[in-house]
Structure formats: C-alpha cells, structure tokens
1. Considering only residues that are crowded, with 20+ Cβ neighbours inside 10 Å and within 25 Å of the chain's Cα centre (by Cα), which ones fall in segment 166-191?
2. L33 fails exactly one of the following numbered conditions: (1) closer than 17 Å to T199 by Cα; (2) open to solvent by less than 80 Å² (accessible area, probe 1.4 Å). What is the number of that condition?
3. Could you tell me which of the residues A301, A319 is among the small types (G, A, S), under 30 Å from I259 (Cβ atoms) and out of contact with any Phe, Trp or Tyr (no Cβ under 7 Å at 6 or more places or on another chain)?
4. Pairs needed: first member in segment 311-336, polar (S, T, N, Q); second member anywhere, open to solvent by less than 80 Å² (accessible area, probe 1.4 Å); C-beta distance under 9 Å; at least 6 residues apart or different chains.
5. State all residues of segment 53-83 that are out of contact with any His (no Cβ under 8 Å at 6 or more places or on another chain), among the small types (G, A, S) and touching a residue at least 12 places away in the same chain (Cβ under 8 Å); if no residue qualifies, say none.
6. Could you run through segment 264-306 and say how many residues are more than 30 Å from V115 (Cβ to Cβ), in a helix (DSSP H, G or I) and touching a residue at least 60 places away in the same chain (Cβ under 8 Å)?
7. From the residues in segment 273-324 that are over 19 Å from N111 (Cα atoms) and among the hydroxyl-bearing types (S, T, Y), which one is modelled with the highest pLDDT?
8. Among the residues that make up segment 219-229, is at least one of them in contact (Cβ under 8 Å) with a residue 12 or more places away in the chain, buried (at least 17 other Cβ atoms within 10 Å of the Cβ) and within 19 Å of A36 (Cα to Cα)?
Amino acid sequence: LQGFAEVMVSPEVLNLTSNKYWISIGLGSAVLLIEAVIAVVGTKLYTRCAFFIFLIQMAAIFYGAVAFLSQAPFSYRHTGDDNVQRTLSFQGPSLDTLKDNLYAEYDSDYNFSAVFGIIFPAMTGIMAGTNMSGVLKRPDISIPRGELAAIFVALATYVFMVFVIAASVPRETLKHDYYVMVRVCWWKPGLVVGIIASTTSSALASLQSGCRLLQALAQDKLLPISCFEKTWGGEPVRALVLCVFITQAVLMMGSINLIAPILTMFFLLTYATTNFATFVHRVCGHPNFRPRFKFFSWHTALLGGVVCLVLMFYIKWEATLVAIVIFFFVAIQIHRLAPTTDWGDVSQSLI
C-alpha cells in the first residue's frame, strides 16, 4: 500500500509538491478500506479480483518489456530526490550497457544488505497462498502445485526484467530515476496501472492470509485470543479488523524504504522457523510428518534455516535481536497457554 501511495504522489502521476506525506497516507488508507471490504465480502470476490489484477500485471510487464526492447534511445532532464537536475538517458538494448551494469556500485547511503532488505518483500507475496488452506478443496494438492508454479514464474519474470532493464538503461539513470520504465513506455498510464495493480494485489493477498492465520491461532487456542475465532458470514471479520489497524499503523511510517526492512526481518524469521521445524520433525522421526515433496531432506531444511538467520544478522543485527526476542516471547506464551494434548509436542522429542 505504501508503494501504491508513493507511485500516486510521484511526478509521473499526480506530481505533488506539497503535503505528500498526508496525501500518500490518505490514498493508502482509502485502498486499505476497499481491500477490507473485499475481504469481508468473501473469498470468491477476492479470487476474482486477484485473477483480474494478475492479468493486468502480466499485461503491464509484457508492455514494459516490449517498450524497452523496441524504443529508440533518448535523453531527458530529471530532478532527483536530492533536488539536483541531471541529464539522463535511455540507450536501448546494448551488450555494452549490460556489461557496465553487471557489477555493484553502491552509494554511501546504500549497500547490499540495505538493498536486499528493501527488495526482499517483493518475493514474499507468492507464499500468501499457503495461508489459504482452510478454503481450498484439496490443499494438499493445490498448495504445492500453486506455490511452486508461483515461485518459478515470479523468479523467471524478475530475472528477465532485470536483464532487460540492465541492458537498456545506463547506471546513472538507474540510480537517479526510479521511474525510468514509465518514461520509456509510449503510453505511461498503461505501465502505471500495472504498478498500482502489483502493489495493491500484494496488500490484498497479505490482508486475506493474515486474518485467516490469526483466526487459526484462535481456533487452535494457541494464544488467549478466542475473540478472533468467531466469523461473520464465514469470514474472520474480527481478525480482519485487527489486521487493518496494524496495517494502518505501519502506513503512518510514510516510507517504503522504512517499512520494507522491517517486513524482511519478520519474513526471514518466519521462513527460518519453518525450516528449523521441518528439520526437527525429520531428524526426530515423527510418524505424523510425511512430506510428499520428493526433493525435501533435513539437509535442505537446516541449510534454509541457517541462511535465513545469517541474512537477518547481516541486514541489521539490532533488529534481528528484537525480532528474535519477540518470537521467543510468543513461543513461550504458546507453550504456557496452549491446551495439553495426548500426542505431545516437538519440545518433548528434543528432550
């Protein structure tokens, strides 16, 4: 939603020069309200909207790729975020331009960890489908097929566009004009609509999956949040309201460069926990853990968990420690408050 708001107030769309913060907050909040209504109406409307948005995204990506590969070179004057006016250019596909852009050249304000923390959340939306298992007829079939397909399609699309842009745009332009892709396209609104569709679809998927995850925690009585177990028309409205309030609070930060690293930390922590949990299940030989994915092994699970933790500390060790403390606090509360079961838990097998 913050990405959507920043696109809307940019010079390429509304071209605002004052009150950009409050207008971006207002735009993000308005879209959040619309998406909350879609979530309340139900999963069927969400699925239809998500499919329609997906078609817009793919059309915009195709349109942008064609423009980059066919547009003639040109130069233009641009004032960057530092209020310095520069002459930038678009070169068109060139092997020399690609070679010039192959290696990193960070400014003083950015390094690999900072850029990774900002970009990583763009890859996390493809995992939102795993939280929709409760509304799928055959989640054991639909989730593996859907998630693997989403991962490979998204990865192929990202890599393709990275190489197309790197082979067409000089490094100086990439550093100082984040909307060069809009300039290259013949009809700017066509690409802007695609950018808006991408940002809003990610928010819609996260809102849908987040409230259902909170409802599942309440139904399993893992935390004293039974009030979120109730539904209205089959939809977890109470959990949705809490998710909306949390989203609105994060939107008040007003910058995607501030929000994205925080999301990265908790996503990496989630993936690390999932990997370590499957690792423990496998090495302990739990009979109820029978993964069907033929390439799964405890080696890959352990490696995935370690890589996630290393990346967290590399990006920002202070934020990592805070995230881990919050995680252990929640885990201890679940261990204390969760109802006793006959089949035990992972901690007993570890002991």
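1. Listed by number, the residues that qualify are D177, V180, M181, V182, L191.
2. Exception for L33: condition (2).
3. A319
4. T320/M265; T320/L268; T320/L269; T320/L309; T320/M312; Q333/L222; Q333/L223
5. Residues satisfying the conditions are A59, A60, G64, A65, A67, A72, S75.
6. Residues flagged as more than 30 Å from V115 (Cβ to Cβ), in a helix (DSSP H, G or I) and touching a residue at least 60 places away in the same chain (Cβ under 8 Å) within segment 264-306 amount to 3.
7. T300
8. yes
The values are calculated or read from the model by the stated rules, or taken from the named source; none is laboratory data. The structure displayed is predicted, hence computed values, not measured ones. Backbone-built Cβ (ideal geometry, glycine too); neighbour counts: all protein chains shown. For the accessible areas, the whole protein counts, side chains as well, though only heavy atoms, and no ligand, DNA or RNA atoms are used. Shrake-Rupley method; radii C 1.70, N 1.55, O 1.52, S 1.80 Å.
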